[in-house]
Amino acid sequence: MAESILEIKDLKIQFQNGKHIVQPIREVSFQIKAGQTVGIVGESGSGKSVTSLAVMGLLPDRISSIPSGEILFDGKELTKLKEKEWRKIRGNEISMIFQEPMTSLNPVFTIGQQLSEPLKRHRQLSNKEQKAAIIKVLKQVGIPRPEQIIHEYPHQLSGGMRQRVMISMALLCEPKLMIADEPTTALDVTIQAQILSLLKKITSKKDRSLMLITHDLGVVAEMCDWVVVMYAGEIVESAEVNELFDRPLHPYTRGLIQSLPSNNERKSKLYAIQGQVPKPEQVKQGCIFANRCPLAMEKCFQESPPAFQEDGHLSKCWLQSSDEGVVR
Amino acid sequence: MLDFIVKRFFQGILVVFLVLTAVFFLMRLSGDPTTLFLPQDASREQIEAFQHQMGLDRPLYVQYGEFMGNAVQGDFGESLRTQQDALQSVLDRLPATFQLAAAALILALVIAIPLGVLSAYYRNSIFDRVAVGLTVIGQAIPTFWMGLLLIFLFAAQLKILPSGGAGTPIHMILPMLTLAFYSTARFTRFTRSAMLDVLQQDFIRTAKASGTPTFPLIMKYALKNSLIPIITLVALDLGELLGGAVITEIVFSWPGVGRLIEQALMTRDFPVVLAGVFIIALIYTVINFLADVIYAYVNPQIRVK
Ligand SMILES: Nc1ncnc2c1ncn2[C@@H]1O[C@H](COP(=O)(O)OP(=O)(O)OP(=O)(O)O)[C@@H](O)[C@H]1O
Ligand code: SF4
Ligand SMILES: [Mg+2]
């Protein structure tokens, strides 16, 4: 297969508020190959956004740090970059689409002014060329009358249109990697479908790689080539998309798949995993999922399971240990 | 919205009316101007004649009614000292007050906006802490005290600036600094909090994600958003600035309305005091009225209250 565009190795992220230290990301490793769409799934608070912000170099300054681990983008190590070098990458080689299209655009600048920003920073274009490039990409994301839209302000557009604008902004400089953090969560269901199919169309072209963050496994099934399941700051399972749905190994992933609406149709109640994701400061010894796991064994509370791997399918669960026999 | 404006308008009129009433009675109760205007050894007849001429021998409520009746028509009588129209002599002094207030306002904005922006950007840094400390001090020191401090330092000790008067631009420096000090402190705080608010908005993150460097990020994308709350707060604060100007004038003998009122008080020149208070109260009320309307316009939530 193609080479990795992004490779995260044993990444650890730390937040420090005064003396209070938390590690919302611990030993996270995964990779995205050129042209792939990789889904990052997990409940709220599992560390999906923090991971993506680290890849963009947008972790809150001063209070956050990366004590260990590497982020290799196109072979270049990002965690030690200076702010000035980051700026050359952001919006140019890596771009990001955020969850909230309503608040992610600046209310006092026109769409055109905001879209010209990445071009101004990364391309030497005349005003005319800039305008042409913006109109081209607006057409590409299916915005009607782009010549007028560029003179309008964000509040004049609907949520779906704004998210299209955000996507066009991410596309402008033809980045090697796009990150979309829950790009449809804030939108109506019908608009969600439109935006997803737009993203699918965009990623089907060329060597565009996408890191798609979502808590919706349905979206993953439809969009992704590879899936990374995160739980409380760790990767608990990672596999090729069909493999994951056909043969989920980790009890947490199984719970997520079971709680999909299509698997629930004839049940009177929606299946839900009991309990809550532990906060980073609550993580104790043993398996992080043990307090909610229906299959937890004694060992699970004592020792944290390593990542068991078989043909690239990774699962961080004692059930995969050969001592326990493989439960499928 | 119209209800709100009408309500605020009548509240404003009420305020001016109450202020005038209070000052009228305080002045009458605090003493009679007669002794100040007549020689020490004036005879009883002379005193009575003077009081009769001034209408001071009539019952207080009659005097009050007459005063209000005339005031509504813009007639505050003549100055007891100069025989000029009282209102006109106040209006003549107004430009000097405005000049001082405007100079202080501009100075305060020029210092406060960059200071507040930097303070917000480097929040919790040493720079920010010092700046915040200064704003606390700036707001805590009363204007007249600040004026005296500056006079002590620059006029009495260093002897480089005049302690009072007007005429040359040099004379304006100390009163302007005095008045600007307090406003700078307040505007710095406004700017800092408005910027802190904007800097954590999602669209700032979007701009960063586009590769925008710090300077345009702050000065273009963030500041333009902060200007709306900053302007509103500054507008709301102009009344405060005017009040400060009145005090500052007294400290520095700056020939504005405040100084005129002070002198008129010393000589019990009732008509001038009342005309001066009327003008100051009126401007103060109009400024606050406009600020409230602007604020309500910008922020629909308060219209309901
Ligand atoms: N600025 C911060 N300071 C301290 N802790 C933070 C900060 N930002 C995030 N965290 C913590 O990091 C953990 C992971 O948060 P993150 O936002 O990555 O979750 P998420 O998986 O994106 O969840 P969601 O689905 O709600 O977006 C959370 O426990 C959160 O409290
Ligand atoms: S290690 Fe144990 S507790 Fe953790 S997921 Fe596997 S079975 Fe459940
Ligand atoms: Mg998130």
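Please work out the C-alpha center-to-center distance from region B:113-192 to region B:199-236 and express it in whole Å. Centre-to-centre (Cα) distance: 26 Å.
Of all beta bridges that DSSP places with both ends in the protein assembly as shown, some 60 percent have antiparallel geometry. In this view, the solvent-accessible surface of B:Arg129, computed with a 1.4 Å probe and all protein chains in place, comes to about 150 Å². A straight Cα-to-Cα reach below 14 Å connects A:Lys136 with the aspartates and glutamates A:Glu147, A:Glu174, residues fewer than 8 places away in its own chain not being considered. From the largest down, chain A spans 67, 49, 41 angstrom on the principal axes of its Cα atoms. Each of A:Asp181, A:Asp216, B:Asp92 has its accessible area taken with a 1.4 Å probe; listed largest first, they run B:Asp92, A:Asp216, A:Asp181. Once backbone amide H atoms are built at 1.01 Å from N, A:Lys33 has A:Ile5 as its partners under 5 Å, excluding neighbours fewer than 5 places away on the same chain. The alpha carbons of region A:81-197 stretch over 39, 32, 26 Å along the principal axes, in descending order.
Using the alpha-carbon positions of region A:189-316, Rg (one decimal) and Dmax (whole number) come out as 16.3, 49 Å. If only the Cβ of Lys and Arg carry +1 and only the Cβ of Asp and Glu carry -1, the dipole of region B:86-304 around its Cα centre is close to 600 debye.
About its Cα centre, chain A has a charge dipole of approximately 1100 debye under the convention of +1 per Lys or Arg Cβ and -1 per Asp or Glu Cβ, with nothing else charged.
With all protein chains in place and ligands, DNA and RNA left out, the 1.4 Å accessible area ranks A:Ser95, A:Ser197 as A:Ser197, A:Ser95, largest first.
Using a probe of 1.4 Å, the accessible surface attributed to A:Met297 totals some 50 Å² when neighbouring protein chains are kept in position.
By the compact-protein rule of thumb, 2.2 N^0.38 Å, the alpha-carbon radius of gyration of region B:184-305 corresponds to a ratio of 1.50. Where Lys and Arg each count +1 and Asp and Glu each count -1, what net charge lies around B:Ser226 among other residues with Cβ under 10 Å from its Cβ? Counting the neighbours of B:Ser226, the net charge comes to +1. Cysteines of chain A lacking any other cysteine Cβ under 4.7 Å from their own Cβ: A:Cys173, A:Cys224, A:Cys293, A:Cys317.
The Stokes-Einstein estimate for region A:14-89, based on a Kirkwood radius over Cα pairs and taken at 10 °C with 1.306 mPa s viscosity, is a diffusion coefficient of 115 µm²/s. Computed from the alpha carbon positions, the gyration tensor of the protein assembly as shown leads to an equivalent ellipsoid with semi-axes of 71, 25, 25 Å, biggest first.
Across peptide A:93-103, the average count of Cβ atoms from other chains found within 10 Å of a residue's Cβ is 3.
Shape of region B:86-304 from its Cα gyration tensor (a ≥ b ≥ c, root eigenvalues): rounded if a/c is under 1.5, otherwise prolate when a/b > b/c, or oblate? Oblate shape, in that a/c is at least 1.5 and b/c is the bigger or equal ratio. Each of A:Gln16, A:Ser4, A:Gln274 was placed along the dipole of the protein assembly as shown (beta-carbon charges, centred on the mean Cα), and the one lying farthest toward the positive end is A:Ser4. Counted by Cβ distance under 10 Å from A:Ser168, the other residues give a net charge of +3, where Lys and Arg count +1 and Asp and Glu count -1.
Cross-link partners among lysines for A:Lys84, C-alpha distance below 28 Å, same-chain residues fewer than 8 apart left out? Hits, sequence-local ones excluded: A:Lys9, A:Lys12, A:Lys33, A:Lys48, A:Lys76, A:Lys120, A:Lys128, A:Lys131, A:Lys176, B:Lys208, B:Lys220, B:Lys224. Size descriptors for region B:62-185 (Cα atoms only): Rg and Dmax, in that order, 20.4, 64 Å.
By the Cα gyration tensor, region A:1-135 has an equivalent ellipsoid whose semi-axes, rounded to whole angstrom, run 29, 19, 15 from largest to smallest.
Going toward the positive end of the dipole of chain B, with +1 on Lys and Arg Cβ and -1 on Asp and Glu Cβ, which of B:Pro95, B:Leu118, B:Thr34 do you reach last? Comparing the listed Cα positions along the dipole, B:Leu118 ranks first. When B:Arg81, A:Arg164, B:Arg44 are compared by accessible area of protein heavy atoms, the largest-first order is B:Arg44, B:Arg81, A:Arg164, using a 1.4 Å probe.
Over all orientations, region A:62-107 has a Cα convex hull whose mean projected area works out to 4.9 square nanometres.
Converting phi to 3J(HN,Hα) with the Karplus coefficients 6.51, -1.76 and 1.60 and the offset θ = phi - 60°, region A:127-144 yields 4, 5, 5, 4, 4, 4, 5, 5, 5, 4, 6, 5, 5, 4, 8, x, 8, x Hz in sequence order, with x at every glycine or proline. Around B:Gln73, with a cut-off of 13 angstrom between Cβ atoms, what is the net charge of the other residues, counting Lys and Arg +1 and Asp and Glu -1? Spelling it out: positives minus negatives among the neighbours equals -3. When only the Cβ of Lys, Arg, Asp and Glu is charged (+1, +1, -1, -1), the dipole of the protein assembly as shown relative to its Cα centre reaches about 1200 debye.
Of the residues A:Gly142, A:Gln156, A:Ala132, the one whose Cα sits farthest towards the positive end of the charge dipole of region A:121-163 is A:Ala132 (charges of +1 on Lys and Arg Cβ, -1 on Asp and Glu Cβ, taken about the Cα centre).
The values are calculated or read from the model by the stated rules, or taken from the named source; none is laboratory data. None of the values given here were measured: they were computed from a predicted structure. Reconstructed Cβ throughout: ideal geometry from the backbone, glycine too, with neighbour counts over all protein chains shown. Just so you know, the surface numbers come from the protein's heavy atoms only, side chains and all, with ligands and any DNA or RNA stripped out. Shrake-Rupley method; radii C 1.70, N 1.55, O 1.52, S 1.80 Å.
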